Each structure stands twice: as C-alpha cells, then as structure tokens.
Amino acid sequence: MDRLTIRNARLLTLGGSGPARGGDLRDLGVIDRGFVRCAAGRIERVAAGDPEPDGGLELDAGGRVCMPALVDAHAHLCWGGDRWDEWDRLRAGTPWPEILAAGGGILSTVRATRAAGEDALAEGVRVRLQAMARLGVGATEAKSGYGLEPETEARMLRAIATAAERSPVLVQRTFLGGHAIPPEDPAWPERLAREVIPDFARRFPGIAIDAFCERNALSVEQCRAVLEAARLAGLPSRLHTDQFTSMGGAEMAVRAGARSVDHLEAATAETVRVVAASNAIAVMLPCSGYALDGRQAPGRALADAGAAIALGSNANPGSAPTVDLRFAMHLAVRHAGLTAAEAIVAATRNAAFALGLGGQVGSLTPGMHANLIVLEDRDERSLVHAFAAEPPRHVVLGGRVLQG
Ligand SMILES: [Zn+2]
C-alpha cells in the first residue's frame, strides 16, 4: 500500500522557497480544513476541502492538526559510553571545572567513543533515530565529533550512515572534527583543516563541516581555518559559537559564509544584529541551557531583528540528554521569547534549510518526502505548550504510518 490520504485535517503547510524570517517566521500556511495525499513516499497533493477516493488508505484526522514531521537542526546522536557518574558528581556539588580537570565532559565521551566498535556506535544511533521517529521527528542532523582523530571520526560517520540506511528518518551527516582539542594532539585543529577535511570531503560526499568556537575548545582563528577548508572542499559549514563566551565566532562564521551559527546563548546585541542581517541561520539549542545553567539565546531579539531561526535538540550525552525536539520548542517559547508559531516554523521549515534539506522536508509541498504528523489536538499550540508529552497521534514517514 503506497497511497495514503489524510483528510479532514487542519493543515499547517509551512511552505516557502527559503528560511523564514520576520513576519514570515510566524506564518504557518494554515488550511483550515483540507487533505494531504501521499504516493510512493512523496507528497502528491495538498488542498482544501475533501479528496476524491483513490483506492488508497484514508485516515480521517477529525479536524486535528496535520503538519510536516519535525526537523532537528542540530543533534549529535553518535557516541560511546555515558555521563551518568559525572551527573551524580555534579548534583552532589562537585564544581564543573573540577570534573573537567579529572577528564570529564566531552573528553570522557571521546575516550568511550574511541573504544567503541562501529557496530555498537551504529546501534546507538539506530536506537536514537527510532526514538526520534516515534516523537514525530522525520529528519535530523547527526554529527561525529567524539573521535578527534581521523580513524574514530570516520568510524562515526560510517556508523551514522549504516543506522540512517535502516531508518525512515532522513539523516544529514556532519563532520564535527573541531569539537575540541585532544590533550595529546594540540596541533589537531591545524591538521584537521589542512589534511583531514580535504580527505573526508572525498571519502564522505555530502557531509557538512562543524567546529566549536569557545575558550576551552577552538579559537576563532582555528575555526576560521576549519570553515575555510570546508569552503575550499565545496562543503557547507556550521559553527558552535557564543555558547559561554562572546569571542567573535559568530561574526567570523557569518563572514566565512557558514550555513548556520549554533547556540548563541552569550551573543551580544551587536552579534544579534550581524547574524540577523546575514544569510546564516541562527540555530537555538534551548535544552543545553535547561541542563546546564539556565542561560538561553536571545530568541526574541533575534526574531525581532529578522534572523532566520531554527531549533535543535542538541542531543548529546552531556549537556542535552534528550532526542525530543518538542522540549526544545517548549523551552524556546517558555524561556527564550519565541511565539508558538515561531517555534513551529523554526523546528520544521527553517530547520530543514539549516540542514540543506529545504527542498525535501519541513513543509507540506507536493514532491517533498511524505513525512508528516497528526497531533492529538485541533490547535497546534498544544505541540509547544505541553512538555514530557505523549507522542503525536500519527507519525507518517516516507508515506507510511509508523506503527507503535
Ligand atoms: Zn552541539
């Protein structure tokens, strides 16, 4: 059965030829009562009113909201080990710098990931993708970045591809070689830019390149070299920047033509202005602020300045142990000033453009992947208002209704 029609639905079409900003960021493209017809894994028709029967499967939405499946603009998803002991120590009052000095944080996950086999890594990604699918996420990024040497980074990228092949979730791979500087290899960022990115560009076509610009990670200059290497290799780039410290990383990334600048909790008013005036998408990651110290990106200021905002779970074993993008949407409204409509656009249409998948997912448009969700409610604000909530009533990925 490869034909499916969802009828009698409140449709959020969320279409547009590029990322939304300004007033467009609140435009859900509502059709009060209509239908979506899917065939061969793609959206075939979206229209108001009632469909003619075509012999395929029909789902009566009963007036409930039908919208594109969510798109996670920033997720790690591939790692070995866990950080539960670290979490216990932190909760018991051990200062974070002390945990870091004892080899905790990103570097503890690097040790565990280097020790993990490819099958185990792929299985971890598979389980996380399955959880995402149940929660209504139809496309996501998956980053490497816990190897910090070529062999493990390549193993992570292969593991992500293996898991993605077996999943109905569309996965965009990102090589986050510039996540941190391993203590045993202080020249890693320079080697990454000079040798590893050109090599990986050949071995892993279609990947994006990412780095972490921060006082205890890569400097602005080191990140500039990484982004320049990406440009020379013809790959899109992104940057984790302005999370704890405003160092000029976002401004540099914008000038370097990065597709997105991610985090921005420490962005100044001037950084907000520069990012909003650029083509880079501002990817907010509210789950990190929730888990760490309560700081959030200036979402309202970014939206008012005209930035194209997207949302990501930032799923990772330390600062955002969740794959539920809906929680990021809730937090973006509750703590960073977005409206419910803006959070929905940021987690669908704009997130798709942040991943370079703007023509494929994130809106109900004929020709796109038939990835959509039907909510339990008839008002889409429920999606953002509720937290720790039940999965959507129906999740459809590749034109097939996900079971259980
Ligand atoms: Zn991240």
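The values are calculated or read from the model by the stated rules, or taken from the named source; none is laboratory data. These numbers come from a predicted model, not from an experiment. Positions of Cβ are backbone-derived with ideal geometry, glycine not excepted, and every protein chain shown enters the neighbour counts.
Which residues, counting only those in segment 310-319, are in contact (Cβ under 8 Å) with a residue 40 or more places away in the chain and either assigned to a loop (DSSP other than H, G, I, E, B) or away from the ligand (no atom under 16 Å from the Cβ) (or both)? Result: GLY312, SER313, ASN314, ALA315, ASN316, PRO317, GLY318. Would you please name the residue that is surrounded by the most Cβ atoms within 10 Å (Cβ to Cβ), looking only at residues in segment 66-84 that are farther than 21 Å from PRO168 by Cβ and touching a residue at least 60 places away in the same chain (Cβ under 8 Å)? Going through the qualifying residues, I end up with TRP79. Among the listed residues ARG158, ARG173, which satisfies the condition of being at negative phi, among the basic types (Lys, Arg), in contact with a Ser or Thr (Cβ under 9 Å, 6 or more places away or on another chain) and in the same structural domain as ARG238 (by TED's automatic domain parsing)? Result: ARG173 is the single residue among ARG158, ARG173 that is at negative phi, among the basic types (Lys, Arg), in contact with a Ser or Thr (Cβ under 9 Å, 6 or more places away or on another chain) and in the same structural domain as ARG238 (by TED's automatic domain parsing). Checking each residue in segment 85-106 for being aliphatic (A, V, I, L, M), surrounded by fewer than 16 Cβ atoms within 10 Å (Cβ to Cβ) and under 27 Å from the mean Cα position of the chain (by Cα) picks out only LEU100. If only residues of segment 320-331 that are closer than 16 Å to ALA282 by Cβ and within 16 Å of the ligand (Cβ to nearest atom) are counted, the one that is surrounded by the fewest Cβ atoms within 10 Å (Cβ to Cβ) is LEU331. Which residues, counting only those in segment 1-16, are over 27 Å from ALA354 (Cβ atoms) and either surrounded by 17 or more Cβ atoms within 10 Å (Cβ to Cβ) or under 23 Å from the mean Cα position of the chain (by Cα) (or both)? Of everything in segment 1-16, those that are over 27 Å from ALA354 (Cβ atoms) and either surrounded by 17 or more Cβ atoms within 10 Å (Cβ to Cβ) or under 23 Å from the mean Cα position of the chain (by Cα) (or both) turn out to be LEU4, THR5, ARG7, ASN8.
Screening LEU239 against (1) crowded, with 20+ Cβ neighbours inside 10 Å; (2) outside any strand (DSSP E or B); (3) within 16 Å of the ligand (Cβ to nearest atom) leaves a single unmet condition, (2). With the structure loaded, tell me whether ALA201 is under 22 Å from the mean Cα position of the chain (by Cα), assigned to a helix (DSSP H, G or I) and farther than 22 Å from THR109 by Cα or whether it fails that test. Criteria met by ALA201. The one condition from (1) touching a helix residue (DSSP H, G or I) at 6+ places or on another chain (Cβ under 6 Å); (2) surrounded by 18 or more Cβ atoms within 10 Å (Cβ to Cβ); (3) more than 30 Å from LEU107 (Cβ to Cβ) that GLY337 does not meet is (2). Evaluation of ALA131 against the conditions (1) under 15 Å from the mean Cα position of the chain (by Cα); (2) within 20 Å of GLY356 (Cβ to Cβ) shows that the sole unmet condition is (2).
With respect to (1) surrounded by fewer than 17 Cβ atoms within 10 Å (Cβ to Cβ); (2) of a type in the set (A, V, I, L, M, F, W, C); (3) within 24 Å of GLU265 (Cα to Cα); (4) more than 16 Å from the ligand (Cβ to nearest atom), the lone exception for LEU232 is condition (3).
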